[in-house]
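Heads up, the thing below is written out as structure tokens.
The values are calculated or read from the model by the stated rules, or taken from the named source; none is laboratory data. Small disclaimer: the values here were computed from a predicted structure and weren't measured. Cβ atoms come from the backbone with ideal geometry, glycine included; neighbour counts cover every protein chain shown. Areas reflect the complete protein model, heavy atoms only, side chains present, ligands, DNA and RNA absent. Shrake-Rupley method; radii C 1.70, N 1.55, O 1.52, S 1.80 Å.
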Amino acid sequence: MRLYATAVYLFLYLPIGIIALFSLSAGRSATQLQGISIKWYGRALNNPFVMEALWTSVKVAFVSAVLASVVGTMAALALTGMKGRLRAGFDLMVHVAVMIPGIVIGIATLIALVSVFDIVNPWLEAASGYRLSMGFGSLVAAHGLFTMSLVVLIVRGRMEALDRALIEASNDLGAGSLATFRQVTLPLIAPAILAGFLLSFTFSFDDFIIAFFVAGSETTLPIYVFSSIRRGVTPEINAIGTMVMVASLGLLIVAQLMLRRGDARRQ
Amino acid sequence: MTGHIGNRPGDETVAEFVETTKRFGPVLAADRLSFRIRRGEFLSFLGPSGCGKTTALRMLAGFEAPTEGQILIDGQEMGATPAYRRPVNMVFQQYALFPHMTVAQNIGYGLRQRRPRMAKAEIAAKVENALAMVRLTEFGNRRIWEMSGGQQQRVALARAIVNEPKILLLDEPMAALDAKLRAEMQRELLDLQRSLGITFVLVTHDQEEALSMSDRICIMGKGRIAQIGTPLELYDQPANRYVADFVGRANILSGQIVSREGGMARIALPGGRDVVVRAPAGDTRKDVEIAVRPEALGLASASDQIPDGHTVLPAEVTRRTFLGDHIEYLLRSADLGPLQVLVPRQAERAMRGHDVGARLHVIWAPGAGLMLGAED
Ligand SMILES: Nc1ncnc2c1ncn2[C@@H]1O[C@H](COP(=O)(O)OP(=O)(O)OP(=O)(O)O)[C@@H](O)[C@H]1O
Ligand SMILES: [Mg+2]
């Protein structure tokens, strides 16, 4: 049993470990360790194409995560006040949205956006000379739409754990619903919203599949890595991969801590 | 178990329920409640679990809208007034203190909602004053989770009274405290109520708590008011069997009216003996129930002289319990079934033979019992 578990973990983490290890290679081969150096990290960070892709990824991740957090939180609040069949329907849709494979979302979003553009563009062009096309906007929309369901799930979980008596106490002490939201509800669910934001950011930052379909002329970091691999894998790619992984893990850990802290506060 | 006797509040009405009914689907939680709350009084809702005490309180606070009927505060219909505009404040059962605020921030919360805004310095002064009132002066900067249960309860109390509400609502505020702390809080609460002169409405299912603290008690059962009155009235003149049973202990017997005279009625008990009991006027029934408190009955040896007019009920001792200054007897009468009698220790000394199995006489003085009204 222990042997089996060890094998599973090796199988899971060995490739990642190897990438991290080989990113430290001094030589040109991505599959052999030839001395130790961090020169490929320097190379990656000085590569203007890498930096531009990184900047695009960060922008898309940030904007889509903000969008997902705001809209997702509002949806979660609305769901909390909802009952019965309508509620069950929305719950189901949120769960399904999280489980749909990225490739389906990618294709579906692509088709949906292209059809909308086809209808809107002639009219828009006549009015303003401007055309809608795939790019930053479609990336943000696709990522934001998907990660919104994550935010809904996290924030709704926290809302449900929130003591209703706190809301009533606030009302009782003279605060209307808006004042209560600002002074009681929001501070108490803020850790969950922040955790949702960080998860959304990480998801968008790491995503290749959906981005591949809707990126248009934009190049995000995962897309850049994918296209460089076609020209041959270098330790530079390993270095980029390692940095992305460390950053993502860091964000996930922070998100987890936020959720824990929120839990501790409630006790 | 005597009622609080002190500066009785006046007759001025601060709030009123008018035929107020609340339904939750098929459940009738409050059934045509009609009563007045007097300014400055300490009123308790007492009743078993699920009888609608919390519902009545929550309707007054504005958390539940009556299905039918009205609620008036200071003469104003509260129908559409939301909780945050009502001049009442509530102490919640689990306190519901805001975990992300300090003790002082919690207490100042209500004052910070005032429009036009209250000056910061004024809020601080009032918070300080409220902290002193509940003896937590040193604790203003503490976090809620750093406070013990009893301290949290006092914070909840301070957070409500700092707003100087017309009525303070308390929903079983002592339920989560241990017995010793509860007794202490009850005393503090009463002192606070007397010194502030605020009207208190307390929900409880602890009979002694209600009897010892309240000016008046509203006994509830199944969503209805069974009786409302001072603790003494409820104890001495229970309106019906439910109240007689619920407040204190009582022997409840059925019998038939033989004759009436003034405020008294002669009742024939099963087995052919008559007793004279107090009887409300205007009741025309023949078959009635009567209640008599265990301490209103006397006990004597079979050979003892019985004063004129008293009724003698022979019975056999089935249990004898020593209660300190009183002895509690459980007896069985062949005609009436079980009877409880509470005898002062002094009186027992004069008796011969009072062990289990002894045949004694239960003595019923005229007017010791009360004829009960019909339950509606
Ligand atoms: N929000 C609600 N939805 C449905 N039914 C309710 C609701 N609140 C109360 N009830 C029902 O109304 C009745 C009265 O409830 P209430 O809470 O007023 O009782 P209570 O006297 O305070 O009891 P307890 O001593 O257990 O607190 C109960 O049968 C209860 O189940
Ligand atoms: Mg209750």
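Figure note: A:10, A:139, A:153 ranked by solvent-accessible area, largest first, 1.4 Å probe, ligands and nucleic acids not counted: A:10, A:153, A:139.
D for the stretch B:208-258, whole µm²/s, Stokes-Einstein with Kirkwood Rh over alpha-carbon pairs at 10 °C and 1.306 mPa s: what number? Answer from the Stokes-Einstein relation: 136 µm²/s. Using the Cβ-Cβ distance between residue B:114 and residue B:80 with R0 set to 25 Å, the FRET efficiency works out to roughly 0.70.
Let's test the formula: R0 of 51 Å, r as the Cβ-Cβ distance of residue B:236 and residue A:186. What FRET efficiency results, to the nearest 0.05? Could the numbers behind the result be given before it?
Details: r = 55 Å, r/R0 = 1.08.
For R0 = 51 Å, the calculated efficiency reads 0.40.
Per the Kirkwood formula on distinct C-alpha pairs, the Rh of the stretch B:55-129 is how many angstrom?
14.4 Å
Applying 1/(1 + (r/R0)^6) with r as the Cβ-Cβ distance of residue B:137 and residue A:125 and R0 = 51 angstrom yields a FRET efficiency of 0.10. Each eigenvalue of the Cα gyration tensor of the stretch B:269-334, multiplied by 5 and square-rooted, gives one semi-axis; in descending order these are 26, 16, 13 Å. Applying the Kirkwood pairwise sum to the alpha-carbon positions of the stretch A:6-95 produces a hydrodynamic radius of 17.8 angstrom. Here chain B is assigned +1 on the Cβ of each Lys and Arg and -1 on the Cβ of each Asp and Glu. Its dipole about the Cα centre then comes out at about 1020 debye. The listed residues A:170, B:212, once ranked by accessible area (1.4 Å probe) with the largest placed first, stand as B:212, A:170. Along the Cα-to-C-beta direction of residue B:285, a point sits 7 Å from the Cα; which residues of the stretch B:226-245 have their amide N less than 19 Å from that point? So the set is B:226-228, B:234-245. Our analysis of the stretch B:206-312 gives Rg over Rh at 1.01, with the two radii drawn from alpha carbon positions and Rh computed by the Kirkwood formula.
Rg then Dmax, both in Å and based on the Cα atoms of the protein assembly as shown: 37.5, 122. Which lysines does residue B:222 reach when only Cα atoms under 20 Å apart count, and residues fewer than 8 places away in its own chain are ignored? Here the lysines satisfying the reach criterion relative to residue B:222 are B:22, B:53.
Taking all Cα-Cα distances within the stretch A:48-266, those exceeding 26 Å account for 46%. Selection among A:108, A:128, A:234 by position relative to the dipole of the stretch A:48-266 gives A:108 as farthest towards the positive end (Cβ unit charges, Cα centre). Between residue A:96 and residue B:145, the modelled label-to-label distance comes to 3.9 nm, taking each label 7 Å out from Cα in the direction of the beta carbon. Within the stretch A:144-167, list the residues whose amide N lies under 20 Å from a label point set 7 Å along Cα→Cβ of residue A:256. Counting backbone N atoms under 20 Å from the label point, the list is A:150-151, A:153-155, A:157-158.
Among DSSP beta bridges whose residues both lie in the protein assembly as shown, state the antiparallel percentage, nearest 5. It would help to have the intermediate numbers written out before the result.
Numbers: 65 of 86 bridges.
In the protein assembly as shown, DSSP labels about 75 percent of beta bridges as antiparallel.
Given that compact globular proteins tend to follow 2.2 N^0.38 Å, what is the ratio of the alpha-carbon Rg of the stretch B:249-371 to that value? List each step's numbers first, then the result.
Values: Rg = 14.4 Å, N = 123, 2.2 N^0.38 = 13.7 Å.
Dividing the Cα Rg of the stretch B:249-371 by 2.2 N^0.38 Å gives 1.05.
Modelled this way, with points 7 Å down the Cα-to-C-beta line, the labels at residue A:12 and residue A:107 are 3.0 nm from one another.
Each Lys and Arg Cβ is given +1 and each Asp and Glu Cβ -1; about its Cα centre, the stretch B:224-376 then shows a dipole of about 220 debye.
Give me the one-decimal Kirkwood hydrodynamic radius in Å for chain B, with the sum taken over alpha-carbon pairs.
Values: mean 1/r = 0.0428 Å⁻¹.
For chain B, the Kirkwood estimate is 23.4 Å.
Label sites at residue A:58 and residue A:43, each approximated as a point 7 angstrom past Cα along Cα to Cβ, lie 2.3 nm apart.
Let me check I have the definition right: for the stretch A:29-167, take the eigenvalues of the Cα gyration tensor, multiply each by 5, take square roots. What are those semi-axes in whole Å, largest first?
On the way: eigenvalues 258, 146, 45 Å².
Semi-axes (√(5λ), whole Å): 36, 27, 15.
Charges only on Cβ, +1 for Lys and Arg, -1 for Asp and Glu: so what's the dipole of chain A about the Cα centre, in debye to the nearest 20?
On the way: 19 positive and 13 negative charges, 106 e Å.
Rounded to the nearest 20 debye, it is 500 debye.
Å³ per residue of the Cα convex hull, for the stretch B:182-224?
Values: hull volume 3.2 nm³, N = 43.
Measuring per residue, one finds 74 Å³ for the Cα hull of the stretch B:182-224.
Excluding same-chain neighbours fewer than eight residues apart, the aspartates and glutamates reachable from residue A:59 by a Cα-Cα span under 14 Å are A:206, A:207, A:218.
Under the membrane-span-like helix rule (DSSP H runs whose alpha carbons stretch at least 15 Å along the helix axis, mean Kyte-Doolittle hydropathy -1.0 or higher), chain A yields A:2-22, A:48-80, A:84-99, A:102-128, A:136-161, A:186-206, A:235-266.
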